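Engineer: Just dropping this structure here.
The values are calculated or read from the model by the stated rules, or taken from the named source; none is laboratory data. This is a predicted model, so every value here is computed, not measured. Cβ placement follows ideal geometry from the backbone for every residue including glycine, while neighbour counts extend to all protein chains displayed. The accessibility values were calculated without ligands, DNA or RNA, using every heavy atom of the protein model including side chains. Shrake-Rupley method; radii C 1.70, N 1.55, O 1.52, S 1.80 Å.
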Amino acid sequence: MMKRITKLFTILAVALMVCVPWRALAQNALMIDEYGALTDTQIAQCETQLQQVSDKYGVDVVALIASDTDGKDIVDFADDYFDYNGYGRGTDRSGIILVIDMYGREMYISTRGLCIDYFTDYGIESIADEIYPYLAGDFEGAVSRYAQLCDYYMNAAITDKPIDIYYNRLYIHLSGEDGKRINGHFSVYDVNGVHIGNIYVDHGEGYTDILTEDTNAVYTISCDDVSSKYAKPEDITVRGSAEYDITMTAARAPYDVMTGGAVSGGAGLIAALIGTGIMKSKNKSVRSKYDADRYVERGSFNLRDHRDYFLYSRTSRSARPKETERSSGGGGGHGGSFSGGSSTHTSSSGATHGGGGRRGF
Amino acid sequence: MSDELKQYKCPNCGGILVFDSSTQNLKCPYCHSEFDVEMMQSYDKDVAETTDNELSWTSKPQGQWSQSEAANIREYVCKSCGGDIITDETTAASSCPYCGNPVVMVNQFKGSLRPDKVIPFKFSKQQAIERYRKHLTDKPLAPKAFKAEKHMQEIKGVYVPFWMYDADVTARARFTATRVRSWSDRDYNYTETRYYNVFRGGDISFDNVPANGSSKMDTVLMESIEPFDMKQAVDFNMDYLAGYFADKFDISAEESGRKANQRIRNSTASAIQSTVSGYSTVTQAGMNMALVNESASYCLLPVWLLVTTYQGKKYYFAMNGQTGKLVGDLPTDTGLFARSFALIFAVVSALVFVASFLLKLF
Ligand SMILES: [Zn+2]
Ligand SMILES: [Zn+2]
């Protein structure tokens, strides 16, 4: 009887082992120091901090200080370490791992599952930028900062949207009062008055993309120059991405007496010449007769003979004017190499990871 | 085959064409045009038949004064301008209708051709003055001298001698016509001009084309008061001269015919050219005309004449005594001209200046 019960427990245990991820039972550490960079106390503190963040968001936040990467590329090493050691929570095994390779002196952050979306490329680069200075010796500081930043980034992603790089597109439609599309140069300033971009308006259209984390940033668009026919438009303050229609009013200079006088005099002269010309023409009534049409006997014209035939032809050719290629509107440019969002790659286990890192510390 | 020995000139460039045995065509060695032999024969004939020519009038009026008529005619001459006028014995002439100077009667009327026809005056002297006055109302630059009432009384009725030409005209004309066609490919615009020979032959009749027969009257002035309606012309009779003067004709039919010929020629050419259609351009290349049944008659036409001397120059006003049509060039009064010019200049300049200032145009 006991034997049978023991056997049953064994089967149940095996079944549980199979069904439940073994990590749940094994309780893998989130702070692993293979190299021995930290003291036991430091490891315990880091473990607690990582555990708290992990539990708060339901993902594994892992930090590994590795002696080397088993000869692998650090990207593959990080992905594999995460995948094969059973990290990640939930069905998509969400989590993030920071790998510090003490041999290759490289660091890399790999993400999986929900964390791919929580940490955008820009986000990972920003975290890497923040941690990098600590790697000079303060590994506990590095891990601690890592845990804080993971908390901050995931909080932002859940309560609002992932921290990422965005573009604010400032678009200008420029036309005269008469509806004519005109050219112009504009400068863009941020809220502190720092010049951060230019807009060239070509044939009435132009824009620039401003790289920003703040999609509600405030900008001032100031006109540098337009055709001298038009008055300079006032500065425009815009928020975020904005499309702006600017109608230019004609510049009004004071009345030019010299030009006005000359033109008026010219008009008077022409009018006087025409007027007296008409008066003079009234004095003329004697005109020579060119033909004798009036004396043609009515209906007397009779066509007796007619023949038309082709003689020869001449063909000339002239070169067609070459159509000049017209450059078309638009302007502006991108400030960085980021395109926003999270890029991914596939690890050796077949899982999808996001990530990014730094070389040489 | 002897016809092939004839030399043909290229219609395009005038070069002598040569026979090309391979194509059996005539070819121009200069411009490389190619022509059908039969076509060139026809073309050559058309060119020969349409050489420009002068018309000549062989018919001349023959009328002679009878002895009784000649006895009733009084002839006056003007020592000042050489004017030579006749009237009947009941009418006394005192001043020359051409220059206003006194005239003297010559002892014996020297014979000349007797008019065939006369159109009698239909407008009286008073009506003529009225028309003249009206004519001057909208002539702001006319000098005051022309508007003087006393001067208007000087208007005189004169029978002016005209030659009247009647003829049926036979004409052959040739035109060079073109049709133009254009097209383009990627690199060039092409224009092809096709040249055609257009031959036309026709008849047209002219009735009573008038030509001035008096050297004292200005030809252009006389053309300006045309037309006269010859249906109202009657056979000449001495009675029509009573109260009026008649100028003796002193331009020969040949001489005055020249102008009539030109007008007949122009009318004939345009009548023929109106039958040429369907081409881009039509240029007359030659026209040969011949007169058939031609006749020239001598006719007196009624003209009211006023001569005004202004600043040493004579100005003539003539009114058609049959239709009332009045013409005459007026000189421009320099004072009036300057005043008008200055006024228009000042008013328009000021208006433009004020308007442009208010509208801020400059
Ligand atoms: Zn030729
Ligand atoms: Zn005289």
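Engineer: So what is the calculated 222 nm ellipticity per residue for chain B, using -39500 (n - 2.57) for each DSSP H run with n of 4 or more, over all residues, to the nearest 500 deg cm²/dmol? All intermediate terms of the calculation are to be shown ahead of the outcome.
Structural biologist: Details: 7 runs with 87 residues, N = 362.
Helix-only estimate at 222 nm: -7500 deg cm²/dmol.
Engineer: Any chance you could run the full-extension gain for A:Glu213 through A:Asp92? It's 0.36 nm times the residue separation minus the Cα-Cα distance, nm to one decimal. List each step's numbers first, then the result.
Structural biologist: Working: separation 121, 0.36 × 121 = 43.56 nm, distance 2.84 nm.
Roughly 40.7 nm would be gained on extension.
Engineer: Right, another one. For the pair A:Asp305 and A:Arg181, what calculated FRET efficiency results from E = 1/(1 + (r/R0)^6), where r is the Cβ-Cβ distance and R0 = 51 Å, to the nearest 0.05?
Structural biologist: Rounded to the nearest 0.05, the efficiency is 0.20.
Engineer: I've got another one for you. Please identify, among A:Asp70, A:Asp202, A:Asp55, the residue showing maximal mean-square fluctuation in a Gaussian network model of chain A using a 10 angstrom Cα cutoff.
Structural biologist: Of A:Asp70, A:Asp202, A:Asp55, the Gaussian network model singles out A:Asp70 as fluctuating most.
Engineer: Helix-only estimate, please: 222 nm mean residue ellipticity of chain A, summing -39500 (n - 2.57) across DSSP H runs of length 4 or more and dividing by its residues, to the nearest 500.
Structural biologist: Values: 8 runs with 115 residues, N = 361.
One gets -10500 deg cm²/dmol as the mean residue ellipticity at 222 nm.
Engineer: Find which of B:Gln262, B:His32, A:Gly88 sits farthest along the positive direction of the dipole of the protein assembly as shown, computed with +1 on the beta-carbon of Lys and Arg, -1 on that of Asp and Glu, about the Cα centre.
Structural biologist: Going by the charge dipole, the pick is B:Gln262.
Engineer: For A:Ile236, what charge total do you get from the other residues with a beta carbon under 15 Å from its beta carbon, if Lys and Arg give +1 and Asp and Glu give -1? Could the numbers behind the result be given before it?
Structural biologist: On the way: positive: A:Arg169, A:Lys232, A:Arg239; negative: A:Asp190, A:Asp224, A:Glu234, A:Asp235, A:Glu243, A:Asp245.
Summing Lys/Arg as +1 and Asp/Glu as -1 gives -3.
Engineer: Taking the Cα centroid of the stretch A:241-301 and of the stretch B:290-362, what is the distance between the two, rounded to the nearest whole Å?
Structural biologist: Spelled out, the Cα-based centre of one part sits 21 Å from the other.
Engineer: Between B:Val180 and B:Lys6, what's the calculated FRET efficiency when r is the beta-carbon distance and R0 is 56 Å? Round to 0.05. Mind dumping the intermediate values first?
Structural biologist: Working: r = 32 Å, r/R0 = 0.58.
Between B:Val180 and B:Lys6 the formula returns 0.95.
Engineer: Determine ³J(HN,Hα), in whole Hz, for all residues of the stretch A:130-139 in sequence, where each value follows from phi through the Karplus function 6.51 cos²θ - 1.76 cosθ + 1.60 and θ = phi - 60°; x replaces Gly and Pro.
Structural biologist: The phi angles translate into 6, 6, 3, x, 5, 5, 5, x, 8, 6 Hz.
Engineer: Continuing with the same structure: If you count, for each residue, the other Cβ atoms within 10 Å and average over each peptide, how do A:127-138, B:326-337 line up from highest to lowest? List each step's numbers first, then the result.
Structural biologist: Numbers: A:127-138: 15.7, B:326-337: 17.6.
Packing proxy ranking, top to bottom: B:326-337, A:127-138.
Engineer: Compute for chains B and A the buried accessible surface, both sides summed, probe 1.4 Å, and express it in Å² to the nearest 100. Kindly include the intermediate steps, with their values, before the conclusion.
Structural biologist: Values: alone 20470 and 23430 Å², together 37370 Å².
Using a 1.4 Å probe on protein heavy atoms, the buried area is about 6500 Å².
Engineer: Give the average, rounded to an integer, of partner chain Cβ atoms located within 10 angstrom of each Cβ in B:130-142. Kindly include the intermediate steps, with their values, before the conclusion.
Structural biologist: Working: counts 0, 0, 0, 0, 0, 2, 1, 0, 2, 5, 7, 6, 3.
Counting other chains' Cβ atoms within 10 Å and averaging over B:130-142 gives 2.
Engineer: Let me ask something else. Taking the Cβ of B:Asn101 as the centre, find all other residues whose Cβ is under 15 Å away and add up their charges (Lys, Arg: +1; Asp, Glu: -1). Numbers along the way, then the final one.
Structural biologist: Values: positive: B:Lys79, B:Lys156, B:Lys216, B:Lys314; negative: B:Asp84, B:Glu154.
Here the charged neighbours net out to +2.
Engineer: With a 1.4 Å probe and every protein chain left in place, work out the accessible area per residue of the protein assembly as shown in Å², rounded to a whole number. Mind dumping the intermediate values first?
Structural biologist: On the way: 37370 Å² over 723 residues.
With the other protein chains kept in place, the protein assembly as shown gives 52 Å² per residue.
Engineer: Which is the longest run of chain B containing none of the GluC sites (Glu not before Pro) found in DSSP loop states (not H, G, I, E, B) with at most 15 other C-beta atoms within 10 Å?
Structural biologist: Of all site-free stretches, the longest is B:155-362.
Engineer: Also, quick follow-up: Local charge sum around B:Met230 (other residues, Cβ-Cβ under 13 Å, Lys/Arg +1, Asp/Glu -1)? Before the final figure, lay out the partial values.
Structural biologist: On the way: positive: A:Arg294, B:Lys117, B:Lys231; negative: A:Glu297, B:Asp116, B:Asp166, B:Asp207, B:Glu226, B:Asp229, B:Asp235.
Spelling it out: positives minus negatives among the neighbours equals -4.
Engineer: While we're on this one: Need one value for B:261-269: mean number of C-beta atoms belonging to other chains within 10 Å of its residues' C-beta atoms. Can you show the working numbers first?
Structural biologist: Values: counts 1, 4, 8, 4, 2, 5, 8, 4, 1.
Mean inter-chain Cβ contacts per residue within 10 Å come to 4.
Engineer: Hand me the chymotrypsin sites (Phe, Trp or Tyr not before Pro) from the stretch A:231-317 located in a DSSP loop with no more than 16 other Cβ atoms within 10 Å, in residue order please. Spell out each step's value before the answer.
Structural biologist: Details: sites: A:Tyr244, A:Tyr255, A:Tyr290, A:Tyr295, A:Phe301, A:Tyr309, A:Phe310, A:Tyr312; in loops: A:Tyr255, A:Tyr290, A:Phe301.
Counting only loop positions with at most 16 other Cβ atoms within 10 Å, the chymotrypsin sites (Phe, Trp or Tyr not before Pro) in the stretch A:231-317 are A:Tyr255, A:Tyr290.
Engineer: A further question on this structure: Could you pull out every residue, at least 5 positions away or on a different chain, whose amide H is within less than 5 Å of the one on A:Asp33? Hs are placed 1.01 Å off N in the peptide plane, and Pro or chain starts have none.
Structural biologist: A:Ile65
Engineer: Another question, then. Say the cut-off is 31 Å between C-alpha atoms; which of A:Lys282/B:Lys216; B:Lys117/B:Lys150; B:Lys231/B:Lys313; B:Lys79/B:Lys147; B:Lys110/B:Lys325; A:Lys284/B:Lys110 go over it?
Structural biologist: B:Lys117/B:Lys150; B:Lys231/B:Lys313; B:Lys110/B:Lys325; A:Lys284/B:Lys110
Engineer: Also, quick follow-up: Report the relative contact order of chain B, percent, no decimals, based on alpha-carbon pairs under 8 angstrom and at least 6 residues apart.
Structural biologist: Values: 635 pairs, mean separation 87.2, N = 362.
Once divided by the residue count of chain B, the mean separation gives 24 percent.
Engineer: Can you give me the distance in nm between label points at A:Lys282 and B:Lys313, each placed 7 Å from the Cα along the Cα-to-Cβ direction?
Structural biologist: Those two pseudo-labels are separated by 2.0 nm.
Engineer: Pop the C-beta distance of A:Lys161 and B:Asp187 into the FRET formula with R0 = 60 Å and round what comes out to the nearest 0.05. Mind dumping the intermediate values first?
Structural biologist: Numbers: r = 58 Å, r/R0 = 0.97.
Rounded to the nearest 0.05, the efficiency is 0.55.
Engineer: Starting from the Cα of A:Glu130, step 7 Å along the direction of its Cβ; do the same at B:Val220; then give the gap between the two resulting points in nm.
Structural biologist: Computed distance between label sites A:Glu130 and B:Val220 equals 10.3 nm.
Engineer: I've got another one for you. Over the whole of B:180-190, what's the average partner chain Cβ count within 10 Å per residue? Rounded to a whole number, please. Write out the running numbers ahead of the final one.
Structural biologist: Working: counts 0, 2, 0, 2, 3, 2, 1, 4, 5, 6, 4.
Mean shielding by partner chains, rounded to a whole number: 3.
Engineer: Using Cα springs under 10 Å in a Gaussian network model of chain B, which residue among B:Val234, B:Val303, B:Val209 shows the largest mean-square fluctuation?
Structural biologist: B:Val234
Engineer: Next up: Treating the angle as unsigned and between 0 and 90°, give the value, to the nearest 10°, between the Cα long axis of helix A:2-19 and the longest Cα principal axis of chain A.
Structural biologist: 20 degrees
Engineer: Among B:Asn53, B:Asn212, B:Asn320, determine the one that fluctuates most according to a GNM of chain B built with springs between C-alpha atoms less than 10 Å apart.
Structural biologist: Checking each option, the largest mean-square fluctuation is seen for B:Asn53.
Engineer: At a 1.4 Å probe, what is the % contribution of carbon and sulfur to the accessible area of chain A? Could you put the intermediate results ahead of the total?
Structural biologist: Details: 10570 of 20000 Å².
About 53 percent, which is the carbon plus sulfur part of the accessible surface.
Engineer: Give me the one-decimal nm value for the distance between modelled label points at B:Val234 and A:Glu243, 7 Å along each residue's Cα-to-Cβ direction.
Structural biologist: 9.4 nm
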